[in-house]
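Visitor: Take this structure first; my questions come after.
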Amino acid sequence: MKINPENEFLKNLIKLQYGLKVQNTLKKISSKVIWARGWPQNKKSFWNAEAFMWNHKIDADPRKLITQELKPLHGKKNLDLGCGSYSYIPSTGFDISKKMLDFNDNCLQKVTGDLENKLPFANKSFDSVTALFVLNYVKNYPQLLSEISRVLKFQGIFVAALYSRNINSWQRQKEVNKLSKEKWKNNIAEAGFSVKLNKKQVLWLFKCVKST
Ligand SMILES: C[S@@+](CC[C@H](N)C(=O)[O-])C[C@H]1O[C@@H](n2cnc3c(N)ncnc32)[C@H](O)[C@@H]1O
């Protein structure tokens, strides 16, 4: 019988969620699955594989809190950076993972790209930008913050959320920076924002207004 590598990869991904030691098997099969090639080192493939379970990987309480915080942005033109499979408000969704975008049903438009590069959007084209559980995965965050300011209208809103505690060890393998909340606040302010920082539940919430 001919084995379907994609099905085999998915079957083993489920086993991985149950704590079975199938990483080497997954690595081998990943070379035969176009969207998983180089898993888990390759960041696009890593996030593609996360996409299948992503909606259950963030607890309900932070999800509820963020949904509440973003209510004032409803009805505005929002860009959700690193949106994954879950946008809290209708948005233009931007993510490195095509699979994440495929599962996201709150996107008005879906754009695949890497946040390490300049954003493929015109100056002053959004009322608001959100980056939820994402900034810790971007090495070139100074460029990203300046790009967020560029694509926002004057007095546009930028909302970012990060966990105040360590993220789980599986996702931590893709974390490329770990700054204090004060450092984030300063960096965002340096990019031309007035910043309000709140610590709520397990989150740091940065609510920012473009001021330049
Ligand atoms: C922790 S998840 C957060 C997803 C979503 N914002 C949420 O709250 O559920 C991080 C997301 O950022 C995306 N991502 C990570 N690095 C990226 C990069 N360099 N460029 C674009 N997206 C990236 C991942 O694909 C993933 O969907």
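Visitor: Against the conditions (1) closer than 30 Å to Phe121 by Cβ; (2) touching a Phe, Trp or Tyr at 6+ places or on another chain (Cβ under 8 Å), where does Lys27 fall short? Just the number, please.
Guide: (1)
Visitor: Is one or more of the residues making up segment 193-210 in the same structural domain as Arg63 (by TED's automatic domain parsing), open to solvent by less than 10 Å² (accessible area, probe 1.4 Å) and either among the acidic types (Asp, Glu) or in contact (Cβ under 8 Å) with a residue 60 or more places away in the chain (or both)?
Guide: Scanning segment 193-210 turns up at least one residue that is in the same structural domain as Arg63 (by TED's automatic domain parsing), open to solvent by less than 10 Å² (accessible area, probe 1.4 Å) and either among the acidic types (Asp, Glu) or in contact (Cβ under 8 Å) with a residue 60 or more places away in the chain (or both).
Visitor: Keeping to segment 94-132, report how many residues are assigned to a loop (DSSP other than H, G, I, E, B) and surrounded by fewer than 17 Cβ atoms within 10 Å (Cβ to Cβ).
Guide: Matching residues across segment 94-132 total 12.
Visitor: Mind checking which residues of segment 32-60 are part of a helix (DSSP H, G or I), open to solvent by 10 Å² or more (accessible area, probe 1.4 Å) and more than 11 Å from the ligand (Cβ to nearest atom)?
Guide: Ile34, Trp35, Phe52, Met53, Ala60
Visitor: Output the number of the condition that Lys153 fails; it satisfies all remaining conditions of (1) within 10 Å of the ligand (Cβ to nearest atom); (2) in a strand (DSSP E or B).
Guide: Exception for Lys153: condition (1).
Visitor: Tell me whether segment 156-167 contains one or more residues that are of a type outside the set (Asp, Glu), open to solvent by less than 50 Å² (accessible area, probe 1.4 Å), more than 19 Å from Thr92 (Cβ to Cβ) and out of contact with any Leu (no Cβ under 8 Å at 6 or more places or on another chain).
Guide: Yes, there is a match, as at least one residue in segment 156-167 is of a type outside the set (Asp, Glu), open to solvent by less than 50 Å² (accessible area, probe 1.4 Å), more than 19 Å from Thr92 (Cβ to Cβ) and out of contact with any Leu (no Cβ under 8 Å at 6 or more places or on another chain).
Visitor: Of the residues that sit in segment 7-24 and are under 25 Å from Glu175 (Cβ atoms) and among the polar types (S, T, N, Q), which one is least open to solvent (accessible area, probe 1.4 Å)?
Guide: Per the stated criteria, the residue is Asn12.
Visitor: Among the numbered criteria (1) at negative phi; (2) in a loop (DSSP other than H, G, I, E, B), which single criterion is violated by Gly19?
Guide: (1)
Visitor: Which one is surrounded by the most Cβ atoms within 10 Å (Cβ to Cβ), of the residues in segment 178-188 that are in contact (Cβ under 8 Å) with a residue 12 or more places away in the chain and among the basic types (Lys, Arg)?
Guide: Among residues in segment 178-188 that are in contact (Cβ under 8 Å) with a residue 12 or more places away in the chain and among the basic types (Lys, Arg), the one surrounded by the most Cβ atoms within 10 Å (Cβ to Cβ) is Lys185.
Visitor: Let me ask something additional. Looking for whichever is assigned by TED's automatic domain parsing to the domain that holds Phe121, farther than 22 Å from Pro120 by Cα and without any contact (Cβ under 8 Å) to a residue 60 or more places away in the chain here; the options are Glu147, Glu175. Which one fits?
Guide: On inspection, the qualifying residue turns out to be Glu175.
Visitor: Shifting gears a bit: So Ser164 clears everything in (1) closer than 22 Å to Pro62 by Cα; (2) free of Cβ contacts under 8 Å to residues at least 24 places away in the same chain except one condition, right? Which one?
Guide: Tallying (1) closer than 22 Å to Pro62 by Cα; (2) free of Cβ contacts under 8 Å to residues at least 24 places away in the same chain, Ser164 fails exactly one: (2).
Visitor: Now a separate question. Looking for something on the phi < 0 side of the Ramachandran plot, within 14 Å of the chain's Cα centre (by Cα) and not acidic (Asp, Glu) - is there at least one such residue anywhere in segment 140-158?
Guide: Within segment 140-158 (the criterion being on the phi < 0 side of the Ramachandran plot, within 14 Å of the chain's Cα centre (by Cα) and not acidic (Asp, Glu)), the answer is yes, since at least one residue qualifies.
The values are calculated or read from the model by the stated rules, or taken from the named source; none is laboratory data. Just so you know, these numbers come straight off a predicted model, no measurement behind them. All Cβ positions, even for glycine, are placed from backbone atoms using ideal geometry, and neighbour counts span all protein chains on display. We work out accessible area using only protein heavy atoms, side chains counted, and drop any ligands, DNA or RNA first. Shrake-Rupley method; radii C 1.70, N 1.55, O 1.52, S 1.80 Å.
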